[in-house]
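*Asks:* My questions will all concern the structure given below.
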Amino acid sequence: MSDQQIDGGKRTWLIASSCAGVVGAGFVAVPFVSSFQPSERARAAGAPVEADISALKPGEKMTVEWRGNPVWIIRRTPEQLAALPKLDGELADPKSERNPDELTPAYARNENRSIKPEIFVAVGICSHLGCSPTDKFTPGAQPSLPPDWPGGFLCPCHGSTFDMAGRVYKNKPAPDNLRVPPHRYASDTRLVIGEDTKA
């Protein structure tokens, strides 16, 4: 056997193994590069959420999850709505002027903090340290609340109180009102949380 034939065999083996290496690297690289893409779950976590509010009665609340946070949808009673303007003097930010771009969309910068007066939408996370306030819709004296309580929310962690529009009372640990997320009505009974214009 000549040296040329041996070198030719080595060359063929070298080319074949190089090709196999490139193909193998491709198989390894595809999942690696794919790992930089957001997962379906991650994409869904930031996606808008649709809620059917047709069965929601006055005085009731439903909760949906959006971006890993509880979002409250409350159908307020006429009495709850009538009480809101009377509370302005007791609230830290009655007109939602603090951090408006972050906390209150332009269409919710009103006394009701909502698009439709009776439907209130808020992220159910206290602006103090991230606890979730509890419903205290019933007016009147209750533990940890004043005797003239008009109804709203109480944060069990540090005692911050919010009215039925998610506005924080004065002299409480929470610095800001509850956040109103972007939202819109797809119909009279369907609410889209997470976007305020049609995509």
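*Asks:* Within the range 88-117, track down each residue that is open to solvent by 70 Å² or more (accessible area, probe 1.4 Å), out of contact with any strand residue (DSSP E or B) (no Cβ under 8 Å at 6 or more places or on another chain) and part of a loop (DSSP other than H, G, I, E, B).
*Replies:* Lys95, Glu97, Arg98, Asn99, Arg109
*Asks:* Exactly one condition in (1) over 25 Å from Ala47 (Cα atoms); (2) part of a loop (DSSP other than H, G, I, E, B) is not met by Pro85; state its number.
*Replies:* Result: Pro85 passes all but (2).
*Asks:* Going by what's in this entry, would Ala141 be described as in the same structural domain as Val71 (by the TED database), outside any strand (DSSP E or B) and either under 17 Å from Lys61 (Cα atoms) or not hydroxyl-bearing (Ser, Thr, Tyr) (or both)?
*Replies:* yes
*Asks:* Then there's this: Being modelled with pLDDT of 95 or more and either open to solvent by 60 Å² or more (accessible area, probe 1.4 Å) or closer than 18 Å to Pro58 by Cβ (or both) is the filter here; which residues of the range 118-138 pass it?
*Replies:* Once the filter is applied, which keeps residues that are modelled with pLDDT of 95 or more and either open to solvent by 60 Å² or more (accessible area, probe 1.4 Å) or closer than 18 Å to Pro58 by Cβ (or both), the range 118-138 yields Glu118, Ile119, Phe120, Val121, Ala122.
*Asks:* Considering (1) within 20 Å of Lys86 (Cα to Cα); (2) in a loop (DSSP other than H, G, I, E, B), say which one Cys131 fails and leave the rest.
*Replies:* Among (1) within 20 Å of Lys86 (Cα to Cα); (2) in a loop (DSSP other than H, G, I, E, B), Cys131 violates only (1).
*Asks:* Mind checking which pairs have a first residue in the range 61-77 that is hydroxyl-bearing (Ser, Thr, Tyr) and a second that is assigned to a strand (DSSP E or B) and open to solvent by 20 Å² or more (accessible area, probe 1.4 Å), Cβ under 6 Å, 6 or more apart or different chains?
*Replies:* Close Cβ pairs (under 6 Å, with a partner that is assigned to a strand (DSSP E or B) and open to solvent by 20 Å² or more (accessible area, probe 1.4 Å)) amount to Thr63/Pro70.
The values are calculated or read from the model by the stated rules, or taken from the named source; none is laboratory data. These figures come from a predicted structure and were not determined experimentally. Positions of Cβ are generated from backbone atoms using ideal geometry, with glycine treated the same way; all protein chains shown enter the neighbour counts. When the accessible area is computed, the model is the full protein with side chains, heavy atoms only, and any ligands, DNA or RNA have been set aside. Shrake-Rupley method; radii C 1.70, N 1.55, O 1.52, S 1.80 Å.
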